[in-house]
Structures are given as C-alpha cells and as structure tokens.
Amino acid sequence: MTRIIHTGGCLCGGIRFEATGPADNPHNCSCKFCQRHTGAVTATWVEFPSNNVRWVGPDGAPITYRSSEISRRAFCPKCGSSLGAIDDAPTIALLVGTFDELDSPELIPDFHSFEDGKPNWA
Ligand SMILES: [Zn+2]
Ligand SMILES: [Zn+2]
C-alpha cells in the first residue's frame, strides 16, 4: 500500500502538518458547523489516524474550540486559518484546502454530507 506523506498548513505558516496516508473518508460537507468554521459554503475533509498526523511548524499544534460532544475544531491562533477537527476518537480530520498538493487521488471526495445545506448557486 502506498503511504503518501501529505503536507500543508495555515496561511501564516506557523502551523504546518505532515499527514501520512492512506487518507480515509474524503468527503465534502455543507453543514452549518463547517460553514461557520471555514467561512466556505462547502468544506472538503479527509481523515487520518491521530498518530499519523505530526504538527511540524514553528508554532506547534493548532489551538482548538470544542464544537461538539465528540470533536474540537482546530485553527491557527496567529492567522485564524481553519485547519481541521481533532476528534476525541483517535482521528484527525484535515481541511483539504490547507494541503500543499491537492491532486492526490486520496483527496478526491467520495460523498457529500449535508448536501442540502449547499446553496443553489454553489
Ligand atoms: Zn497561521
Ligand atoms: Zn460539516
């Protein structure tokens, strides 16, 4: 099995990650939590086991906001970029827009959650 190492980070570069594949569960989501968290009408997500994600930038790990019983949303304290969601389960979901390279087949969404939350024009 190919183990692609995905890299990415926030707008200011303070938070950087290395996420080792295989990536899991790539999908789009248009729920209200994702819309408010990202400012975008649709967020694209991909998941990794927590142990496969390393925070390698100068500012270490992102800060978090508990958004539900099961998860915390992660963002950069300096530039405010949304980076993903750190679940209580050993899973980290990363926002695909933060990745350096977007063309990996591992990142192609398999499905669209809360598609009815997407406006008609998007
Ligand atoms: Zn930043
Ligand atoms: Zn969502």
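Applying the condition of being hydrophobic (A, V, I, L, M, F, W, C) and in contact (Cβ under 8 Å) with a residue 40 or more places away in the chain to the range 53-67 and asking which residue is surrounded by the most Cβ atoms within 10 Å (Cβ to Cβ) yields Val53. Just to verify a result, which residue in the range 71-122, among those that are in contact (Cβ under 8 Å) with a residue 40 or more places away in the chain and among the hydroxyl-bearing types (Ser, Thr, Tyr), is farthest from His27 (Cα to Cα)? Here the residue is Ser81.
The single residue among Ile108, Ile92, Ile70 that is of a type in the set (Val, Ile, Thr), open to solvent by 40 Å² or more (accessible area, probe 1.4 Å) and within 17 Å of Ile4 (Cα to Cα) turns out to be Ile108.
Restricting attention to the range 14-52, and to residues there that are open to solvent by less than 30 Å² (accessible area, probe 1.4 Å) and more than 30 Å from Trp121 (Cβ to Cβ), which single residue is nearest to ligand 2 (Cβ to nearest atom)? Once the filter is applied, the top-ranked residue is Phe48.
The values are calculated or read from the model by the stated rules, or taken from the named source; none is laboratory data. Quick caveat: nothing in here was measured; it's all calculated off a predicted structure. Neighbour counts are summed over all protein chains in view; Cβ atoms, including those assigned to glycine, are modelled from backbone coordinates with ideal geometry. For the accessible areas, the whole protein counts, side chains as well, though only heavy atoms, and no ligand, DNA or RNA atoms are used. Shrake-Rupley method; radii C 1.70, N 1.55, O 1.52, S 1.80 Å.
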